[in-house]
Amino acid sequence: MRTPSPWLARAATDRLRPTPFTAFDVGEAVAAYDRLVAAFEERARVQYAVKARPDRALLAALARRGGALDVASPGEVQQALDAGCSPEDIACSNVFADAQELAFARQKGVTVFTADSIAMVERLATVCPEALVFVRIAHEDTAGAAQPLAGRFGCSEDEAVRLALLAARSGLRPVGLSWHVGSQQHDPTQWERAISRAARITRRIRRHNITVTHLNLGGGLPGTYRRNVPPVETYARTILTAVDRHFPHPHQPRLVLEPGRAVVADAGITVTSVKAVVERLCGTYVVLDAGLWNAGLLDNLGGIEYRVTFPDHPEGVATGPVTLCGPTCDSLDTFTTDGVYQAPRALAPGDRAVIWSTGAYCSTSTLVGFNGYPPVPQHVHVPPGEEAKELPDQRQAH
Ligand SMILES: Cc1ncc(COP(=O)(O)O)c(C=O)c1O
């Protein structure tokens, strides 16, 4: 198990703070960002995907470190600007952005966009004629990913060549290729496949005197959940080796990494109390006061299995298989049911449970108080020197 920061470790055992709550340590996320930059030997610019967690203090800290931000909507453009990110460090990767959304981004000074269709290239040419364009290639191999992004995003190799040519003919600047190998990708070699595909496309585009200067390696780097993953250094080594093999000098592209989960997942925890332990026909159910809806743990529906510990019971006590669920009267509010969770046999109502690595994709999906359970409070720790200039999000309690 990964060692949490001292602040997170204290939050995990803080008996005075009423449950449920989520604790997020901006310092821990910044440390994960720094580790990524170092693992990639400073050869890749890290463009944090704001959707994973948009806390203003976090965005401000990353911007101060020279990072860029990946956004998808006018709301995220504004969040990035409010955090002090300059427009030239904001990239809009939403391949379905409509003309109004593009116009907003352009008006705010954003110049980097992504396209994977003729319609998007045409929209960009009309609304953002000076745009720098990344062409997003499909990554259809779903192996290794908890949440594949296959199908909905990206174009074929042939289409990528056509789009780059169309973009150039339309006055846009087709500067790069991008892809996403699937979120929580367990297999670093998936990037090798994507990089070799990108190299083929780059060679074909070069024949038309268009130079691909950037590769956006996408997101997909993992957080620490129940299933073990290689360290980020292993991913970096595999990826950089593949880039060197497929893009020999003098054609080395500039690299962009677009992680969300890997920056913030391990910087958050959700602390919850047991409401009931009940025997049902199919086994033991443990009902927690935080679940998929009120704590935004919807990632659970997408193949993420959180690690859960029970701090009131010493390690090594007798345990048995349980099904964990949240407090709502809804069948979806149930954690993975295939017998993966064990809980102490003596677990009782009032005992605490800690759900680890809930920093990613949880804080913004809790806005609706489904079944009358309000979103869990978010306690955010901002280390000295990492504060945002203005007041943080009103929903965050310190
Ligand atoms: C375009 C793009 N970039 C980056 C990310 C971040 O992915 P991850 O959280 O898996 O690193 C996503 C996530 O959906 C995405 O759509």
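The values are calculated or read from the model by the stated rules, or taken from the named source; none is laboratory data. Predicted model only: the values in this text are computed from it and were never measured. Every residue, glycine as well, gets a Cβ built from its backbone with ideal geometry; the counts of neighbours run over all protein chains shown.
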Quiz item: Given the conditions (1) touching a residue at least 12 places away in the same chain (Cβ under 8 Å); (2) farther than 27 Å from THR22 by Cβ, and given that THR323 satisfies all but one, which numbered condition is not satisfied?
Solution: (2)
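For every residue, the table says whether it meets (1) touching a strand residue (DSSP E or B) at 6+ places or on another chain (Cβ under 8 Å); (2) away from the ligand (no atom under 15 Å from the Cβ); (3) not in a loop (DSSP other than H, G, I, E, B).
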residue	(1), (2), (3)
ASN94	yes, no, no
GLN100	no, yes, yes
VAL121	yes, yes, yes
LEU124	yes, yes, yes
VAL133	yes, no, yes
ARG136	yes, no, yes
Quiz item: How many residues are crowded, with 22+ Cβ neighbours inside 10 Å and not aromatic (Phe, Trp, Tyr) if we restrict to the range 117-141?
Solution: 10
Quiz item: From the list ASP299, ASP312, ASP330, ASP338, which one is closer than 29 Å to GLY144 by Cα, in a loop (DSSP other than H, G, I, E, B) and not assigned by TED's automatic domain parsing to the domain that holds ASN228?
Solution: ASP338
Quiz item: Could you count how many residues in the range 166-189 are out of contact with any Ser or Thr (no Cβ under 7 Å at 6 or more places or on another chain) and surrounded by fewer than 24 Cβ atoms within 10 Å (Cβ to Cβ)?
Solution: 9
Quiz item: Tell me, which residue of the range 32-61 that is of a type in the set (A, V, I, L, M, F, W, C) and under 21 Å from GLY176 (Cβ atoms) is surrounded by the most Cβ atoms within 10 Å (Cβ to Cβ)?
Solution: ALA49
Self-check item: So GLU192, is it buried (at least 16 other Cβ atoms within 10 Å of the Cβ), in the same structural domain as CYS128 (by TED's automatic domain parsing), within 19 Å of SER93 (Cβ to Cβ) and charged (D, E, K, R)
Solution: no
Self-check item: Inter-residue pairs, beta-carbon under 6 Å, first under 12 Å from ALA60 (Cα atoms) and in the range 72-99, second of a type in the set (D, E, K, R), 6+ apart
Solution: ALA83/ARG56
Exercise. Output the number of residues of the range 1-31 satisfying the condition of being among the aliphatic types (A, V, I, L, M) and buried (at least 20 other Cβ atoms within 10 Å of the Cβ).
Key: 6
Quiz item: Under 8 Å by Cβ, and 6 or more places apart or on different chains, what pairs join a residue from the range 257-282 that is over 27 Å from ASN228 (Cα atoms) with one that is away from the ligand (no atom under 16 Å from the Cβ) and acidic (Asp, Glu)?
Solution: LYS275/ASP289
Exercise. Have a look at GLY151, GLY218, GLY144 and point out the one that is on the phi > 0 side of the Ramachandran plot, loosely packed, with under 15 Cβ neighbours inside 10 Å, within 16 Å of the ligand (Cβ to nearest atom) and not aliphatic (A, V, I, L, M).
Key: GLY151
Quiz item: Which one of the conditions (1) surrounded by fewer than 22 Cβ atoms within 10 Å (Cβ to Cβ); (2) in contact with a Cys (Cβ under 8 Å, 6 or more places away or on another chain); (3) not acidic (Asp, Glu) does THR114 fail to meet, given that it meets all the rest?
Solution: (1)
Quiz item: Has the range 169-179 got at least one residue that is away from the ligand (no atom under 13 Å from the Cβ), of a type in the set (D, E, K, R), without any contact (Cβ under 8 Å) to a residue 40 or more places away in the chain and assigned by TED's automatic domain parsing to the domain that holds VAL46?
Solution: yes
Exercise. Please work out if TYR48 is among the hydroxyl-bearing types (Ser, Thr, Tyr), under 23 Å from LEU149 (Cβ atoms) and assigned to a helix (DSSP H, G or I).
Key: no
Practice problem: Considering only residues that are among the hydrophobic types (A, V, I, L, M, F, W, C), within 10 Å of the ligand (Cβ to nearest atom) and not in a strand (DSSP E or B), look in the range 250-286 and name the one that is nearest to LEU69 (Cα to Cα). | Solution: VAL263
Exercise. Would you confirm whether any residue within the range 2-15 is acidic (Asp, Glu) and modelled with pLDDT of 95 or more?
Key: no
Quiz prompt | Residues satisfying the stated conditions in the range 220-276, i.e. closer than 19 Å to ALA199 by Cα, in contact with a Leu (Cβ under 9 Å, 6 or more places away or on another chain) and of a type in the set (Gly, Ala, Ser) | solution = ALA236
